[in-house]
Every structure is written in structure tokens, then in C-alpha cells.
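Following: one structure in C-alpha cells, then a few remarks.
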Amino acid sequence: MKRRLAVLALAGAMTVTSLTGCAGGLSDKDVVATVDGDEITADIANFYARFTQAQYETYYAGYLGEDMWSSEAEEGKTYEESVKDSVLEALEDMYLLEDHMEEYEVEITEEDEKSIKNAATDFDEANGLDEKDKVSGSEKTVERLLTLFTIQVKMDNAIKATADLEVSDEEAAQKKMQYVVFPFTTTDEDGNSVELTDDEKAELKKTAEAFAKGAKTAKDFAAYATEQEQEAKDATFDGEETMTIPEQLAKAADALKEGEITDVVEGDNGYYVAKLVSLFDKEATETEKENIRSQRKQEKMDEVLEQWRKDAKIEVNEKVWKKVDFNELSVTMKIEESEPYADEAQTDDVADAAGE
């Protein structure tokens, strides 16, 4: 969420319209938190929180309902508490990244400053004083947050560039199979999914066993499946994990030699029969290498930030942060049909709306 917000912001898409509501007595100069003595002031925290709130209310309110912020996001925590925790943690990370810029030779260039200034000016000119006041959206605040976003992106790239990106064929090797599934569910005349009975599953297993027997003598697994009114699907996998096929099937296929076919394999959702097509699928292996590199980059980023957090002194002023209340002020995004990515945030006083 914070990366998407940064991109939108730097693209000049932050626009706030028709804001009403109360700010809960929040002063922009109040300190929400400190990171090694650096103050995260309420204007920065409130503006970031409101922009994030706008995205949630626009894209998720239809699913979560009007009382989304007071509903439970996870055990013992509301959506408001969960989102606010994420917002504050992201801000703390941004301040840590800013503190360590010199270590990675990262700097804000004149071109960056120009882009930030232009985006902040666009935001400022698009909104009235009252509107900006509701979300602490002064030009100075917007510039500061955009600067933090820019630092975050540059530091993210710099830190991830230090990860070990050498991945061997052996480490990423992917095998390829073709398989047929005999599902444990069927569809009734109303289009509803219906679980098979135990007797039906027993008959289904006999069908799967007959298919496996015939497949072992067939020259073309996929063609044979078509003849039997089944569909052969492709999948790549390794011996440790798989995202698209059951673990039981991957394990059984991993024990095969190239060209061999499994017996019937029972998965959680059906019976499976598979043919090992290749012990080394080059294209899938290259894709897996990229997945491994991406994972290592993120692990490096997480590792660095985790260590900085351990070493830093971070203090939160809960009394001030509590004043940012998503139930008092509603913030939404105005979507322009001609420019689907040019999102504008607008707020409405929940209490006022309820009284209309």
C-alpha cells in the first residue's frame, strides 16, 4: 500500500476535494512519535493516514460496509487500528531510511526537488484552505511527505541491490508435468458446488485408476486424456514447494523418471494422475530464478530495517495519535474516468452526512 501511494503521489495524483468534518483537536505541531530523536509531527502522520484511509474507503468500503473501521480486521484489532498501525510503522521506517541515506550514498537531487515541489504545488492549488486543514495538507507537509516517499524508493533500490542475486540452475531447477484431476465435487442443476458422497468417491477412484492404467501405455498423455473426456493440464514444480498443485502430487511426480506416470494420487480436492514430462524446464527455471532474486531482495530489506529498528529508540505518543480518528472524518478517492490512475481524495463529515 505505501509503495502504491508513493507512486500516485509522485505522479501528482494527490488531490483533495469537498472536505468536511472535524480534526479531533489535532494540532499539526503535535508530536506523534520520535525516531532516534527525529520528530514525526501530527501533520505528516495525519496526512499520510488520511490518504491511506481514502484508498481503503474507496476500494474496500463496498465489501466491508459503512462501519468498516470499527469492524474486526484480525483478532482483537479493528480495521482502523490495523491501518493506523501500518501507517505509523511505515513512517517510522521512512525516518530510519532517511537517517541512513549516507551509508548507501543516496541523496535528493535537484530534479527530485523540482518534481516534489511541482506535485505539492498542484495539490495546494487544487484545494481550498478548509479542505487542506482537514487532512493537514499544507504545501509544506505535502513536500515533506513526498520527500520521504522519494527517499524510501531510492533506499529500497539501494539496499536491495546489496542482496546476493547469484542463483544456480540447481537451486532453481523446475520440473514439468502434465496431470489430470478427478475432483471431489460436482455441480448441481442450479450451478452450486456439491461434495461427492463416500460411495461416489469410491467410484471416482476406480475411474481414476482405469485412466492411470491406460495412460501408462498411451504415447501422448494429453491426447489420451482428451479421448477419455478429461483435460490434461501443465504444471512446473520442484521437490520442496508448489503453489498450483497439491503437495501430494508434487511429491509423487518428483519421484518419477522422465516420461513415467504416477499411480492415482489422492489430494485434498480430488484424485490426480500425472506424467513427468521434463526433469528440467528451462523457462520455468528462469522464472523461478527471478522469484528467488525477488525474495532475497525483500529479505535483505527486511533484515536491514529490522536491525535498524532494534538499534533505534522509537517512542509513540498514543494520546496524540489517537486523535486521528477514521470514524469522525470520512475520506474517499474521486476517480476520473478518463484518467483511471489520477485519484483525488475527498472527505465528508460522517456525522453531518448521517444528519442529512
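The values are calculated or read from the model by the stated rules, or taken from the named source; none is laboratory data. Owing to the predicted nature of the structure, the values given are computational and were not obtained by experimental measurement. Glycine gets a Cβ as well: all are built from the backbone with ideal geometry, and neighbour counts include every protein chain shown. Accessible surface is based on the protein model in full, side chains and every heavy atom, while ligands, DNA and RNA are left aside. Shrake-Rupley method; radii C 1.70, N 1.55, O 1.52, S 1.80 Å.
Laid out as a table, the results:
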quantity: Extreme residue, positive dipole direction of the range 267-320, given options Ile314, Gly270, Thr287 (C-beta unit charges); calculated: Ile314
quantity: Between the range 160-232 and the range 303-322, the alpha-carbon center distance in angstrom; calculated: 48
quantity: The range 270-318: chymotrypsin sites (Phe, Trp or Tyr not before Pro) in DSSP loop, at most 15 other beta carbons within 10 Å; calculated: Phe280
quantity: Residue-by-residue Karplus 3J(HN,Hα) for the range 306-321, coefficients 6.51, -1.76, 1.60, Hz, glycine and proline x; calculated: 4, 5, 4, 5, 5, 7, 8, 9, 10, 10, 10, 8, 4, 5, 6, 4
quantity: Cα gyration tensor category, rounded, prolate or oblate, for the range 58-185 with a/c compared to 1.5; calculated: oblate
quantity: Whole-angstrom gap from the range 76-94 to the range 236-301, using each part's C-alpha centre; calculated: 37
quantity: Karplus (6.51, -1.76, 1.60) ³J(HN,Hα), θ = phi - 60°, over the range 69-80, in Hz, Gly and Pro reported as x; calculated: 6, 9, 7, 7, 8, 8, 4, x, 9, 7, 4, 4
quantity: Carbon plus sulfur fraction of accessible area for the range 52-184, probe 1.4 Å, in percent; calculated: 43
quantity: Cut-off under 5 Å, modelled amide H: who pairs with Asp281 long-range; calculated: Gln174, Lys175, Lys176
